[in-house]
Every structure is written in structure tokens, then in C-alpha cells.
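See below for the structure under consideration.
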Amino acid sequence: MGYVGEVSKEKAEKDTYYKEGDYIGKSGIEMSYEEALRGRKGVQYEITDVHNKTVGRYMQGKYDTLAISGKPLYSSIDAELQEYGERLMRGKKGAVVAIEPSTGEILCLISSPTYDPNSLVSGKERNKSFARMYADTINVPLFNRALTAMYPPGSIFKLIDALIAQNDGLINRNTSYPCQMGYPPMGGKPKCHAHGGGKNLTGSIAASCNSYYSYVFRDIVDQRKYPNFIDGYNHWRDMVKTFGPGTRLGTDLPHDKPGNVPSVEYYNKVFGKGGWRSNTIVSLGIGQAELTLVPLQMANVVAIIANKGFYYTPHCIKGVGKEKYLDPKFKTKHLAAVQKQEYYDIVIEGMEGALLPGGTAFASRLKDIVVCGKTGTAQNPHGKDHAVFLAFAPKENPKIAIACLVENAGFGGVWSAPIVTLLMEKYLKGKTDRPELEKRIMEANLIDGSILITDKID
Ligand SMILES: [Zn+2]
């Protein structure tokens, strides 16, 4: 839900439907579905005297029209899940987006800290609330992080690389690369974390090996097919874009941002033409550098993996009016560049491994639901890194795909993975089996620094 407010003077001058003082949707579905929601004004023609006093109806009301009320909207938002997610995200900055993979329907969309839409309805109260929220540069409640905050995706991006490299015939299930806690050809960058030994493809996902994806990225960009690595880079970029990043998804909520997959022109400007190689930009392979996604796009990526190769543009209104009209653009299947089911099966196996012993999200496993997930840490140049987790469940016939990002919360497995799996329990079973964890997450306040969780969950 967004909010409504008085129509601006400019709008009233440009659009004859509105008069100053009318209400109009200013954000959220109130804005994007304004025409359906507003209905039609009724008109009554009156005869007035020279003093502007009504003396009767013109032509006995022959030309009068009745007002028609707005159409009902049917939302896909699961109110209970939304409310639960808001409680879990209280005291944290970040966003959660959950999608039903088979339809693209948005099940919950949370940006935290948030505001009470009721405080923005009218009059003095509205002006006061607005001023207060505008001035709040620490929490920035009016900023919808789920749609507009562009974050580096971190390790969740390895999933896309794994799919592209398999599709190009460069790696398979058994491919392994050395993890040297660093990558010598680039002077020890990017660094890996302790996860023991070299890994095959599924193991590299479960353990999130940085070195592995530095090799994979270079394999894709420098493959023999493209003697000029610029063509290899553009090939990688084109493939990535079919998973959603780099273009506005075109959801039915206003203002969603495109994220960024940097172009050749951009790097030519930064490094000079001929001044960069795959090595220069290798951290793109692990979801860092200039690569950014909004949380909605992150959720869409995991929905594509759950669907093994396609998505419907995420939307939160599944029908307009009694006839439940749905814009055809939300019924159009979008295919990712990787279509072979087997490639997805291997990646999904790795994601399942993330919640098994040795995996990066083992602590957040559920005992009776098979969750397939991927942790990530989004680099934050301005302070502590952001924790990312995306996952879908159940493994067979997935019902929900979720991305969660908690700002300044460090490693993805610690904060985001518990929030995601609690939401999954809520959605699939109605309640959690882990009330202790639920309580600790709800009570944790990461914004003002008084972190109540003292023992490491991960
Ligand atoms: Zn490693």
C-alpha cells in the first residue's frame, strides 16, 4: 500500500479529470491503479443566478451523470505473511520480497523501516508526518528499499554464473577449481573464506567459494569462441540480463529501479579503451564491483531458478474489477537464456547443500521442508556489509521464492537466512517450529546498535 494525497496544481491543470482539492494516488498501488480505483465522477448541472446561488437543475437533470465507484482490486499479497515479515524486519534496515514462482504473484513486499500509511491521508497530520519522515535521514522511511535500493548482490550472483558456464559447455557437475584463499593471478583478490579444499560445482555453491567463481567468470569471458574478450564480456552481460538484472522488471508498483550490469562503454570510460581485461573486472563474477540489483530482482532470480528457466513479471494485483482482469503483460512467460533443466538441477542441488552440514546456511535448515538457498554478503563501501539470502521451497513443486537483505548485518547466513526460513514456515505450515529463534530475530535491533542477539546463529 502506498498513499493518496491532494492532486498537485500542475496535474490539475494538465489533466481535465482532476480539480484542485481532488485526491489522487501518490505512491504504491494507489498510484499505479489510480484509474481503476478512482471510478468516475458524477456530474450535476445547476442553474445559478447572478449571485451564484443555485436556483434549480439544468434541463431537469437531463445531462447529469451518476458517479461510478472505483473497481475492487484483488491483491496477491498474503496479509498474514506480510504482517509477520514486517515484525521480523522491525529494528532492521533492509527489504524482503516473496514471490509465487509459478505465477509471478508477489506474496509479500517489505521495506524496513516503514511508515504507517494512515499518517499520510490528509490535512495537518499528513503535512506533519511528511516533514518528520523527510527529515529522517537515518531511517529514510519513505525510501522503498524493496523496489529502489540498488545493492551489490554478492555471492547469490554465483548461481547465474554457474548456469551460464554450464550452458556454454565450460563446466559440468565434476568441474573443480582450487580454492587458495585468494586468487594469485589477481594479487590475492578476491579472497575466499575457510571452507576446506577444492570443490566440485555443487560444493562450490553450497560453500560459496569465491575462487571457484573467479575462474568461472574468466572462463565465460575469455572463452575461445570470442577471440576478442569484449565480445565475451558482452555475451556474459547479455546472458545475465535475461535473468532480470539491468532492466526495470516492469512490475505493477511504481518506481522500481533497473539495477546495473555495467556496459563495455562504462569500463572503457573508467579504464580507457584496451585498458581492462577479464582480470580487471573479475569481482563481477562474485556479484561485486559495479553490479547492482534491487531486492525485487533478487527474488525474481530465485523464482527463475525454482521454475528452471522462466518467470512472470512480478505483480501484486492479480485482478481488477469483478471480472478480475489481469494485464496480459503479467501472463507473458519470460525465458532466461539457460533452458536446460539439468543445469538447474545441479545448481539447485548446490542450493540444497547450503542448508546441509558444511553449507553456509546450515543453521537455518528446516526439519520437514527442503529449502534450497544461497547466502550472500553485499559489499558496502560506506560501512558494514549487507547480509543477503535468497531461497525457494519446497524443492519439488516450489510454492515460494524469497530474497531478504538486511543492511549492515554482515554475513548473509546470520540474519537473512533465519528471516527467510521463518517466513517459509509461516507460509507453508502456518507457524514456526523454532519459537526461540523467532523471538530473538523479532527482538533484535540492528539499527541503533543494541543488538540483542549475542550468540552467533550461523
Ligand atoms: Zn573458496
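Nothing in this text is a laboratory measurement; each read-out follows from the coordinates by a stated rule. Given the structure is predicted, the values throughout are model-derived calculations rather than measurements. Ideal geometry is used to build each Cβ from the backbone, glycine not excepted, and the neighbour counts take in all protein chains shown.
Tabulated results
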{"item": "Per-peptide average of other Cβ atoms within 10 Å, ordering 158-165, 13-20, 354-361 highest first", "result": "158-165, 354-361, 13-20"}
{"item": "Cα gyration tensor shape of segment 338-458, rounded if a/c is under 1.5, else prolate or oblate by comparing a/b with b/c", "result": "oblate"}
{"item": "Cα→Cβ-extended label distance, 7 Å offset, between Phe310 and Glu436, nm", "result": "4.5"}
{"item": "Charge dipole of the chain about the Cα centre (unit charges at C-beta), most positive-ward option of Pro254, Tyr215, Asn380", "result": "Tyr215"}
{"item": "Debye, to nearest 20: dipole size of segment 333-378, +1 on Lys, Arg Cβ, -1 on Asp, Glu Cβ", "result": "160"}
{"item": "Cross-link reach list, lysines versus Lys269, counting only Cα pairs under 25 Å and skipping chain neighbours closer than eight places", "result": "Lys189, Lys241, Lys257"}
{"item": "Cβ-placed point charges (K, R +1; D, E -1), dipole of segment 211-266 about Cα centre in debye, nearest 20", "result": "80"}
{"item": "Rounded if a/c under 1.5, otherwise prolate or oblate - segment 266-335, Cα gyration tensor axes", "result": "prolate"}
{"item": "Dipole of segment 317-458, positive direction: furthest Cα of Ile369, Leu437, Phe411, with charges on the beta-carbon", "result": "Ile369"}
{"item": "Straight-distance crosslink candidates among aspartates and glutamates, where the alpha carbon sits under 17 Å from Lys322 and sequence neighbours closer than 8 are dropped", "result": "Glu34, Glu35"}
{"item": "Ordering of 47-59, 100-112 by burial proxy (mean other Cβ atoms within 10 Å per residue, highest first)", "result": "100-112, 47-59"}
{"item": "Proximal aspartates and glutamates to Lys367, defined as alpha-carbon separation beneath 19 angstrom and excluding residues fewer than eight positions away on the same chain", "result": "Glu349, Glu352, Glu396, Glu425, Asp433, Glu436, Glu438, Asp458"}
{"item": "Tyr63 versus Phe271: modelled label distance in nm, points set 7 Å from Cα along the beta carbon direction", "result": "7.0"}
{"item": "Net dipole in debye of the chain [+1 Lys, Arg Cβ; -1 Asp, Glu Cβ; about Cα centre; nearest 20]", "result": "360"}
{"item": "Out-of-range pairs (alpha-carbon distance over 29 Å; input Lys26/Lys331; Lys225/Lys340; Lys71/Lys92)", "result": "Lys71/Lys92"}
{"item": "Positive-end extreme of charge dipole, the chain - chosen from Phe389, Val4, Asn228 (charges on Cβ)", "result": "Asn228"}
{"item": "Whether segment 1-122 is rounded, prolate or oblate, judged on the alpha carbon gyration tensor where a/c under 1.5 counts as rounded", "result": "prolate"}
{"item": "Listed pairs Lys399/Lys426; Lys395/Lys439; Lys318/Lys395; Lys14/Lys62 exceeding 21 Å between Cα atoms", "result": "Lys395/Lys439; Lys318/Lys395; Lys14/Lys62"}
{"item": "Label-point separation in nm, Ser8 to Arg248, each point 7 Å along Cα→Cβ", "result": "1.6"}
{"item": "Calculated over the chain: convex hull of Cα atoms, volume per residue (Å³)", "result": "181"}
{"item": "Linear extension gain, Tyr17 paired with Arg87, 0.36 nm per residue minus alpha-carbon span", "result": "21.2 nm"}
{"item": "Förster-model FRET efficiency, 51 Å R0, His51 and Lys367, C-beta, rounded to 0.05", "result": "0.05"}
